[in-house]
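Engineer: Have a look at this one before I ask anything.
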Amino acid sequence: MTTSPTLDGIKARQQKTWASGDYGAVAALIQPISEQLVQAADISAGSRVIDVATGTGNAAIAAARCLCEVVGVDYVPGLLERARARAAAEHLPVRFVEADAEDLPCDDGEWDAVLSVVGVMFAPDQERAAAQLTRVCRPGGTIALANWTPDGFIGDLFRTVGRRVPPPPGIRAPVEWGTEPRLRELFGDRVTDLRVNRREFVFRFASPEAFADYFRACYGPTLKAFEALGEADGKLLYADLVDLVRRHDVARDGTTKIPSAYVEVLATRTGS
């Protein structure tokens, strides 16, 4: 497979974005999503599992706790170093490999289960990424994903940032992976028994400002947006984020609780 120079340039910028800040701190907050997905996928001990766009290893580690044979892949070396340290701390034999979700270094049908938690959805070439997920999954194997939805809090977050710093033109929004029609387009007849279940994760912070500070410092996409804007426009974005959180906040105890919708996607690779 080959990619266009435009997509290659976008991917290079994405790598720098995810390497900035401290994505591991954000990933630590959403670890429960991976635990829930692995349980929903009902993966058996001894299964061969690959976690695509693993980041700091959330889903890979969750699968390894089920005594699976696990590999996590990501194209950001710094995130993989964090993942290796986490797995080593738990004495889990997970192997982490630097690789692109759009060009997985795997044989056809090599894996019993293919996972990705809010990871592969950010690949700029969505069709190519979906084709890779299905290619490396064995016939009858499981594909399990967790993707943010366009109508949830994270979808609103991306739109809020995008109004100040527009995304690259011609690239489909990552949150389209959070809609059933788009998932059916991406996977087509390569999967059967496609199930798309809406779930909710709740971010918990001391205040709306605490959320804005955390994501400005740790989450690459928002950190880079602030860097691009400069001080004056950055203050406007900060105010936008605080207002966004206030609109989604459901806490009644003086803290901040932000329900964030995602879809849990389970499918079976066609064939036998």
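Engineer: Please determine, by comparing only the residues of the stretch 9-40 that are outside any loop (DSSP other than H, G, I, E, B) and in contact with a Gly (Cβ under 7 Å, 6 or more places away or on another chain), which one is nearest to Trp148 (Cα to Cα). Break it down into steps so the answer makes sense when it comes.
Structural biologist: Pass one, the stretch 9-40, residues outside any loop (DSSP other than H, G, I, E, B): 9-19, 23-29, 31-40.
Still in the running and in contact with a Gly (Cβ under 7 Å, 6 or more places away or on another chain): 17-19, 23, 27.
Details: Thr17: 18, Trp18: 17, Ala19: 20, Tyr23: 16, Ala27: 14 Å.
The extreme case among them is Ala27.
Engineer: Yes or no: the stretch 177-188 includes at least one residue that is out of contact with any helix residue (DSSP H, G or I) (no Cβ under 7 Å at 6 or more places or on another chain), hydroxyl-bearing (Ser, Thr, Tyr), under 22 Å from Phe226 (Cα atoms) and not in a helix (DSSP H, G or I).
Structural biologist: The answer is no, given that none of the residues of the stretch 177-188 is out of contact with any helix residue (DSSP H, G or I) (no Cβ under 7 Å at 6 or more places or on another chain), hydroxyl-bearing (Ser, Thr, Tyr), under 22 Å from Phe226 (Cα atoms) and not in a helix (DSSP H, G or I).
Engineer: Just to check your reading of the model, which residue among Arg216, Arg182 is within 19 Å of the chain's Cα centre (by Cα), farther than 29 Å from Ala144 by Cβ and surrounded by 17 or more Cβ atoms within 10 Å (Cβ to Cβ)?
Structural biologist: Arg216
Engineer: Something else now. Out of the strands (runs of 3 or more DSSP E) lying entirely within the stretch 75-154, which hold 3 or more residues that are more than 17 Å from Ala64 (Cα to Cα) and either small (Gly, Ala, Ser) or in contact with a helix residue (DSSP H, G or I) (Cβ under 9 Å, 6 or more places away or on another chain) (or both)?
Structural biologist: Strands (runs of 3 or more DSSP E) meeting the threshold: 137-148.
Engineer: Residues of the stretch 189-218 being among the charged types (D, E, K, R), farther than 30 Å from Thr270 by Cβ and part of a strand (DSSP E or B), which ones?
Structural biologist: We begin by selecting, within the stretch 189-218, every residue among the charged types (D, E, K, R); these are 189-190, 193, 195, 198-200, 204, 209, 213, 216.
Subset that is farther than 30 Å from Thr270 by Cβ: 200, 204, 209, 213, 216.
Of everything in the stretch 189-218, those that are among the charged types (D, E, K, R), farther than 30 Å from Thr270 by Cβ and part of a strand (DSSP E or B) turn out to be Glu200, Arg204.
Engineer: What are the residue pairs meeting all of these: first residue in the stretch 131-145, first residue over 13 Å from Val52 (Cα atoms), second residue modelled with pLDDT of 95 or more and among the aromatic types (Phe, Trp, Tyr), Cβ atoms under 7 Å, and 6 or more apart or on different chains?
Structural biologist: Within 7 Å, the pairs are Arg138/Trp111; Gly141/Trp111.
Engineer: From the list Asp51, Asp107, which one is crowded, with 21+ Cβ neighbours inside 10 Å and acidic (Asp, Glu)?
Structural biologist: The conditions single out Asp51.
Engineer: Can I ask one more? Conditions: (1) over 14 Å from the mean Cα position of the chain (by Cα); (2) crowded, with 17+ Cβ neighbours inside 10 Å. Leu115 meets all but one. Number of the miss?
Structural biologist: (1) is the only condition that Leu115 fails.
Engineer: Look at the stretch 19-39 and say how many of its residues are over 22 Å from Phe205 (Cα atoms) and aromatic (Phe, Trp, Tyr).
Structural biologist: 0
Engineer: Oh, and also: From the list Leu223, Leu237, Leu229, pick out the single residue that is modelled with pLDDT of 95 or more, of a type in the set (A, V, I, L, M), out of contact with any strand residue (DSSP E or B) (no Cβ under 8 Å at 6 or more places or on another chain) and crowded, with 20+ Cβ neighbours inside 10 Å. Working first, answer last.
Structural biologist: Details: Leu223 fails: crowded, with 20+ Cβ neighbours inside 10 Å; Leu229 fails: crowded, with 20+ Cβ neighbours inside 10 Å.
Only one candidate qualifies: Leu237.
Engineer: Return only the number of the condition from (1) in contact (Cβ under 8 Å) with a residue 40 or more places away in the chain; (2) surrounded by fewer than 18 Cβ atoms within 10 Å (Cβ to Cβ); (3) not hydroxyl-bearing (Ser, Thr, Tyr) that Ala173 does not satisfy.
Structural biologist: Exception for Ala173: condition (1).
Engineer: Sticking with this structure for a sec: Considering each residue of the stretch 219-272, count those that are without any contact (Cβ under 8 Å) to a residue 60 or more places away in the chain and not in a helix (DSSP H, G or I), and give that number.
Structural biologist: 9
Engineer: Still on this model: Restricting to the stretch 240-250, give me the number of residues that are of a type in the set (A, V, I, L, M, F, W, C) and exposed (fewer than 14 other Cβ atoms within 10 Å of the Cβ). Outline the logic, then answer.
Structural biologist: Within the stretch 240-250, the first condition is being of a type in the set (A, V, I, L, M, F, W, C), and the residues that meet it are 241-242, 244-245, 250.
With exposed (fewer than 14 other Cβ atoms within 10 Å of the Cβ) added as a condition, the list becomes 250.
The number of residues fulfilling the criteria is 1.
Engineer: Can you list residue pairs whose Cβ atoms sit under 7 Å apart, with the first residue in the stretch 88-115 being without any contact (Cβ under 8 Å) to a residue 40 or more places away in the chain and the second being in a loop (DSSP other than H, G, I, E, B) and crowded, with 17+ Cβ neighbours inside 10 Å? Count only pairs 6 or more apart in sequence or on different chains.
Structural biologist: Pairs found: Val94/Gly57; Glu98/Tyr75; Ala99/Tyr75; Pro105/Ala99.
Engineer: Report the residue count in the stretch 141-171 for those that are farther than 30 Å from Val250 by Cα and either modelled with pLDDT under 95 or in contact with a Phe, Trp or Tyr (Cβ under 6 Å, 6 or more places away or on another chain) (or both).
Structural biologist: Total satisfying the criteria: 4.
Engineer: Something else: Select from the stretch 41-68 the residues that are free of Cβ contacts under 8 Å to residues at least 40 places away in the same chain and either in contact with a helix residue (DSSP H, G or I) (Cβ under 9 Å, 6 or more places away or on another chain) or assigned to a helix (DSSP H, G or I) (or both) and list them in ascending order.
Structural biologist: Thr56, Gly57, Ile61, Ala62, Ala64, Arg65, Cys66, listed by residue number.
The values are calculated or read from the model by the stated rules, or taken from the named source; none is laboratory data. All values reported here derive from a predicted model rather than from experimental measurement. Please note: Cβ atoms are built from the backbone with ideal geometry, for glycine as well, and neighbour counts cover all protein chains shown.
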